[in-house]
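S.K.: I have a structure I would like to understand better, so I am pasting it below and will then ask my questions one at a time.
The values are calculated or read from the model by the stated rules, or taken from the named source; none is laboratory data. Here the structure is a predicted model, which is why all the values come from computation and not from measurement. Using ideal geometry, Cβ is built from the backbone for each residue, glycine included, and neighbour counts are taken over all protein chains shown. Surface areas here come from the heavy atoms of the whole protein model, side chains and all, with no ligands, DNA or RNA. Shrake-Rupley method; radii C 1.70, N 1.55, O 1.52, S 1.80 Å.
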Amino acid sequence: MTDLHATHPIVAKFGGSSVADAGQVRKIAAIVRADPRRRFVVVSAPGKRHAQDKKITDLLYLCHSLGEQGLDVGAPFAVIKERYLGIASELGVEGAWEWLRDVQQQVAGGAARDWIASRGEYLSARIIAAFLDAEFLDAAEAIRFGEDGRFHASESYARLHERLARVSADKIAVIPGFYGQDAQGRIQCFSRGGSDVTGAVVARAVHAAVYENWTDVSGMLMADPRLVAGPLPIEEITYREQRELSYMGASVLHDEAVFPVREAGIPIHIRNTNRPDDPGTRIVTERDARDTPIIGIAGRTGFCILFTEKAMMNQERGYGRRVLEVLEAHGISYEHSPTSIDTMSVIVADEALGGKEAAVVAEIRRAVQPDRVEVQRDLAMIAIVGQGMVHRVGVAARAFAALAGAGINIRLINQGSSELNIIVGIAAPDYPAAVRVLYAAFTEGVQ
Ligand code: ASP
C-alpha cells in the first residue's frame with residue numbers, strides 16, 4: 001500500500017491528439033518516464049491526426065446510431081479497428097486484436113450508446129498501459145454515477161484512492177478517461193471532452209501534487225490568436241480568472257474539470273505533449289498579481305440586449321424581479337443586467353432567446369408596463385480579466401481610452417464588485433478590432 005497522502009504523485013492526463021498515433025504515445029512514454037512522480041496516467045481516445053481525420057469517439061457514436069437504425073456498422077468500425085491495430089503494432093503491443101474483437105461483437109450485438117462511446121478510451125488505455133508496462137485500471141471499477149445520473153464524488157474518490165494506493169510504488173497505472181459506472185452497473189460517460197474530468201477526479205482522489213493536463217497547445221494565451229498575432233502566453237492564472245476567461249470563450253479544459261481539483265487546492269498545469277519544455281499554464285488558487293493586473297482578454301459575439309425603460313422605475317418595487325421572472329418562465333438564463341434610474345437591460349445570448357423574442361417582449365409589457373421595451377441585436381461582449389485590477393487605479397480608463405481611440409462605441413459596461421473583470425458590450429462588427437486594441441493597451445511595453 002502506498003500512502004498517497006505522503007507521496008503526492010502527479011496525475012498526467014493526455015488528450016486525444018496526444019494519443020492520436022504511435023509517435024504520440026512514444027512522446028507520452030518519454031514524458032511519464034521523465035519524472036517518477038508521474039504515476040497515474042489518464043488517457044483520451046485517439047483524436048484527429050490532421051484536419052480531415054476522424055475522432056474515434058465520433059466514429060463510435062456513429063456506430064451506435066447506425067446500429068440503432070438497423071444499418072451496417074462495418075465501415076466505421078473498420079476505420080476504428082485499423083487505427084488501433086496500427087498504433088498497437090507500431091508500438092509492439094500484443095492483445096489489441098482480441099480487445100477489438102470483443103468490442104466489435106458487443107457493438108454488432110446492439111450495446112448501449114455510452115458503453116460503445118467509452119470503448120475509445122478503454123482501448124486507448126489498454127494499449128498505452130501495455131506499452132508503458134503499467135497497470136490498467138478500468139474506470140468502471142472506481143468512478144461512479146449515482147441514481148440521479150450525476151457523478152458520485154465521495155464514492156468515486158474513495159474507490160479510486162483505495163485501488164490506486166494498491167499500485168506498487170514502482171509502477172504506473174493507466175486509467176481510461178471519459179466514463180464510469182452507474183448505479184445499475186452500466187457504463188456511463190461524462191459529457192464530451194470528459195476525460196479532463198476523469199483526470200481531475202483521479203488527481204483529487206490521490207491528493208496529487210499537480211494535475212497535469214497534456215494537450216496540443218502550450219497552455220492559455222492572453223488573447224485569441226485568430227484575432228491577435230502571437231499573443232503572450234499565460235504562465236500562471238487563478239481558478240477564478242480561468243473560469244471568467246473560459247466562460248467568455250477562451251477554453252482549454254472541460255468546465256467541470258476544474259471543480260474537483262479547485263476544491264482541494266490542487267494546481268492544474270496545462271502542457272503541450274509536442275513541446276514538453278514549454279512552461280505551459282498553471283492554474284492555481286492565488287497568484288501575485290501586482291505585475292500582471294490583467295491576465296487575459298476574451299469575448300464572444302451572439303448576444304442581445306433586452307432593453308426596458310419606464311419613468312420612475314427606480315421607485316417601483318419588484319420591477320427587476322418581474323422582468324426576470326418572464327425570462328425564467330421561458331427557461332432563459334441571462335448574463336448581466338445593468339440598470340440606470342429608469343432603465344433596466346438584460347443581456348441574453350441570442351441562442352437562449354431563440355424564437356421566444358415576441359412572446360418575451362409581450363409578457364414583459366404585461367408584467368411591468370414599461371414605456372419602452374425592445375430587443376437590440378448584434379452585441380459582442382468582451383471581458384478584460386485580472387485579479388490584479390483591485391490593486392490598480394486606471395484599468396478601466398485604459399480600456400475605455402483604447403476603445404475610444406479606435407472609434408469603438410461602448411454599449412454597456414459591467415464591472416463585478418469582485419474587481420476580477422470589466423465587461424464591455426460593443427457592436428458585434430467591432431469585436432475583432434476591440435480585442436486587438438484592448439490587447440495592445442494592456443501589453444504595451446511587456447513584449
Ligand atoms: N473521447 C471523448 C470525446 O471525444 C472524451 C475526451 O476525449 O475527453 O469527447
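S.K.: Here is a list of conditions, (1) more than 30 Å from the chain's Cα centre (by Cα); (2) under 27 Å from Ile410 (Cβ atoms); (3) open to solvent by 20 Å² or more (accessible area, probe 1.4 Å), and Ala358 meets all of them except one; can you say which number that is?
M.R.: With (1) more than 30 Å from the chain's Cα centre (by Cα); (2) under 27 Å from Ile410 (Cβ atoms); (3) open to solvent by 20 Å² or more (accessible area, probe 1.4 Å) applied to Ala358, the lone miss is (2).
S.K.: Same structure, new question: Residues of the range 9-40 being in a strand (DSSP E or B) and in contact with a helix residue (DSSP H, G or I) (Cβ under 6 Å, 6 or more places away or on another chain), which ones?
M.R.: Val11, Lys13, Phe14, Arg38, Phe40
S.K.: I would also like to ask the following. Among the listed residues Ala250, Ala200, which satisfies the condition of being in contact with a Pro (Cβ under 8 Å, 6 or more places away or on another chain) and in contact (Cβ under 8 Å) with a residue 12 or more places away in the chain? Let's see the steps before the verdict.
M.R.: Values: Ala250 fails: in contact with a Pro (Cβ under 8 Å, 6 or more places away or on another chain).
Among Ala250, Ala200, only Ala200 is in contact with a Pro (Cβ under 8 Å, 6 or more places away or on another chain) and in contact (Cβ under 8 Å) with a residue 12 or more places away in the chain.
S.K.: Among the residues that make up the range 59-67, is at least one of them of a type in the set (Gly, Ala, Ser) and surrounded by fewer than 23 Cβ atoms within 10 Å (Cβ to Cβ)? Full working, then the answer.
M.R.: The initial filter retains those residues of the range 59-67 that are of a type in the set (Gly, Ala, Ser), namely 65, 67.
Next, from what is left, pick out any that are surrounded by fewer than 23 Cβ atoms within 10 Å (Cβ to Cβ): 65, 67.
Yes - at least one qualifying residue is present in the range 59-67.
S.K.: Still on this structure, please answer the following. Just to verify a result, which residue in the range 52-83, among those that are part of a loop (DSSP other than H, G, I, E, B) and within 16 Å of the ligand (Cβ to nearest atom), is farthest from Ala205 (Cα to Cα)?
M.R.: Across the range 52-83, the extreme among qualifying residues is Asp53.
S.K.: Among the residues of the range 125-184 satisfying the criterion of being among the polar types (S, T, N, Q) and part of a loop (DSSP other than H, G, I, E, B), which is nearest to the ligand (Cβ to nearest atom)?
M.R.: Only one residue tops the list, namely Gln184.
S.K.: Being free of Cβ contacts under 8 Å to residues at least 12 places away in the same chain and at negative phi is true for just one of Arg372, Arg300, Arg366, Arg377. Which residue is that?
M.R.: Arg366 is the lone residue from the list that is free of Cβ contacts under 8 Å to residues at least 12 places away in the same chain and at negative phi.
S.K.: Among the residues of the range 28-57, write down those that are out of contact with any strand residue (DSSP E or B) (no Cβ under 8 Å at 6 or more places or on another chain), crowded, with 20+ Cβ neighbours inside 10 Å and either touching a residue at least 40 places away in the same chain (Cβ under 8 Å) or aliphatic (A, V, I, L, M) (or both).
M.R.: Hits for the range 28-57 are Ala45, Pro46, Ile56, Thr57.
S.K.: Any residue at all in the range 100-118 that's closer than 30 Å to Ala209 by Cα, within 16 Å of the ligand (Cβ to nearest atom) and assigned to a helix (DSSP H, G or I)? Even if it seems obvious, please write down each step before you answer.
M.R.: Taking the range 100-118 first, the residues closer than 30 Å to Ala209 by Cα are 118.
When the remaining residues are screened for being within 16 Å of the ligand (Cβ to nearest atom), the result is 118.
Filter again for assigned to a helix (DSSP H, G or I), leaving 118.
Yes, the conditions are met somewhere in the range 100-118.
S.K.: Here's another thing I want to ask about it. Would you check if Asp21 is of a type outside the set (S, T, N, Q), within 16 Å of the ligand (Cβ to nearest atom) and open to solvent by less than 70 Å² (accessible area, probe 1.4 Å)?
M.R.: Answer is yes for this residue.
S.K.: Look through Ala130, Ala142 and report the one residue that is of a type in the set (A, V, I, L, M), open to solvent by less than 10 Å² (accessible area, probe 1.4 Å) and within 22 Å of Thr198 (Cβ to Cβ).
M.R.: So the residue among Ala130, Ala142 that is of a type in the set (A, V, I, L, M), open to solvent by less than 10 Å² (accessible area, probe 1.4 Å) and within 22 Å of Thr198 (Cβ to Cβ) is Ala142.
S.K.: Please enumerate the residues belonging to the range 401-427 that are surrounded by 17 or more Cβ atoms within 10 Å (Cβ to Cβ) and assigned to a helix (DSSP H, G or I).
M.R.: Across the range 401-427, the qualifying residues are Ala402, Leu403.
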